[in-house]
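J.: Quick one: structure below, then a few questions.
The values are calculated or read from the model by the stated rules, or taken from the named source; none is laboratory data. Just so it is clear, the model here is predicted, and its values are computed rather than measured. Note that we place each Cβ from the backbone using ideal geometry, even for glycine, and neighbour counts take in every protein chain shown. The area values use the complete protein model at the heavy-atom level, side chains included, leaving out ligands, DNA and RNA. Shrake-Rupley method; radii C 1.70, N 1.55, O 1.52, S 1.80 Å.
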Amino acid sequence: MGRIICAGLGPGDPDLLSVKSDRLIRQATRIAYFRKAGRAGQARSIVEGMLRPDVIEHPMDYPVTTEIPFDHPDYNRILAAFYDDWADRLAVLAETGDVVVLCEGDPLFYGSFMHLHSRLQRRVQVEIVPGIPGMVGCWNAADLPITWGDDVLSVLAGTLPEDELARHAAAADALVVMKTGRNLPKVRRALATAGRLADAWLVERGTMPGQRVLRLAEVEGQDCPYFAIVLVPGQGRRPEAAE
C-alpha cells in the first residue's frame, strides 16, 4: 500500500521549494495536480524540468472555475462531485504505490488539496509536506515588513461581501487579501471605506515571472491575475516599532 504525498510548492519560484518537496518530486513515478482544463496549470509549470522521464502524470481538471458564481448552488455541487471522484481515483492509485500531489503555496492554507485530504482520511496514508504560503512570498517580494510589535494580522478572502471586507479591514492592524482576481474593485472599495486604501499594495504573480508590485490606489482596471494578493502592512502598536 502506498501513500498520497501532497508536496507544497511554495509561492511560485522553484528555488523556494523545500528540500523535501524537491526530493520527493524528482523521485516521483506518479504525480497529480490541479489545473484549469486546457491549460498546463501553475503547479505543473513550477516543476517543469524536475520530473523523471518516465513519470506518469494525472492532471485533475477543474470542471468549473469562474464560469458560474462561487455562491451558486451548482458550484459546490459540481466541485463536490469532482473532489469525490478524484479522492476515489487517488485511493485506488495508492494501492500500488506512492502518488505525489502538487499544491501551490501550503497545502493546508486555502489549498485545493484540503478537499481531498478530508475525503481520504482513514482510507489511505496521507503525508503533507508544508510549503511557503503565497502571501509570505508576496510580502518578501514587495520588501514590505507586514507586522510590527503586537500587530494583529488578518487574512481575508476577496470573495467575502464588501461590507465584511470593510469591517475586517478597519479592525485589523495588518491585512492580507487572498483570492483577489475579479474581486479587485470590491476589495478596493472596501479598503477605501475602511480608510486603508492609501497603505495597500497589490502584488501580482509574487516570486514568479511577470511579478508586479503596485500601490493599489494607482491600479487601473477591474480585475487582476488569479495569483495576486493585496497587502496592507501594520504600523506597529508599540511606539518604538512605529519609529
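J.: Once label points are set 7 Å from the Cα along Cα→Cβ at both LEU144 and ASN76, what is their separation, rounded to one decimal in nm?
T.: Modelled inter-label distance: 3.2 nm.
J.: How many Å² of accessible area per residue for the chain, probe 1.4 Å?
T.: Working: 12240 Å² over 243 residues.
Ligands and nucleic acids excluded, the result is 50 Å² per residue.
J.: Follow-up. Consider a paramagnetic label point 7 Å from the Cα of VAL55 along Cα→Cβ; state which residues of segment 105-123 have an amide N under 20 Å from it.
T.: Zone members listed by number: 105-108, 112-114.
J.: Which of ARG122, ARG23, ARG35 moves most in a GNM of the chain, Cα contacts under 10 Å?
T.: Between ARG122, ARG23, ARG35, it is ARG122 that shows the largest mean-square fluctuation.
J.: A further question on this structure: Ordering ARG119, ARG205, ARG189 from largest to smallest accessible area (1.4 angstrom probe), what's the sequence?
T.: ARG189, ARG205, ARG119
J.: Going through segment 83-119, which chymotrypsin sites (Phe, Trp or Tyr not before Pro) have at most 16 other Cβ atoms within 10 Å and a DSSP loop state?
T.: Values: sites: TYR83, TRP86, PHE109, TYR110, PHE113; in loops: PHE109, TYR110.
For chymotrypsin sites (Phe, Trp or Tyr not before Pro) across segment 83-119 that sit outside H, G, I, E and B with at most 16 neighbouring Cβ atoms in 10 Å, the list reads TYR110.
J.: In nanometres, what is the gap between the two model label sites at ARG23 and VAL155, each 7 Å from Cα along Cα-to-Cβ?
T.: Distance between label points: 2.6 nm.
J.: For a distance above 16 Å, tell me the whole-number percent of Cα pairs in segment 68-157 that qualify.
T.: On the way: 2671 of 4005 pairs.
Taking all Cα-Cα pairs of segment 68-157, the fraction more than 16 Å apart is 67 percent.
J.: Can you tell me, using C-alpha contacts under 8 Å and at least 6 residues apart, the relative contact order of the chain as a whole percent? Present the calculation step by step, with values, prior to reporting the outcome.
T.: Working: 495 pairs, mean separation 52.9, N = 243.
For the chain, the relative contact order is 22 percent.
J.: Further question: Using just the C-alpha positions of the chain as equal point scatterers, what log10 of I(q)/I(0) does the Debye formula give at each q in 0.11, 0.18 1/Å?
T.: Debye output, listed in q order: -0.63, -1.35.
J.: Round to a whole number: what % of the accessible area of segment 80-200 belongs to carbon and sulfur, probe 1.4 Å?
T.: Numbers: 2800 of 5450 Å².
Roughly 51 percent, rounded to a whole number.
J.: May I pose another question? At what distance in angstrom do the alpha carbon centres of segment 1-73 and segment 170-243 lie from each other?
T.: Cα centres, segment 1-73 to segment 170-243: 27 Å.
J.: Right, another one. Relative contact order for segment 135-224 using alpha-carbon pairs under 8 Å, separation at least 6, rounded to a whole percent? Mind dumping the intermediate values first?
T.: On the way: 130 pairs, mean separation 24.4, N = 90.
Averaging sequence separation for qualifying contacts and normalising by length gives 27 percent for segment 135-224.
J.: Relative contact order for segment 79-128 using alpha-carbon pairs under 8 Å, separation at least 6, rounded to a whole percent?
T.: 39
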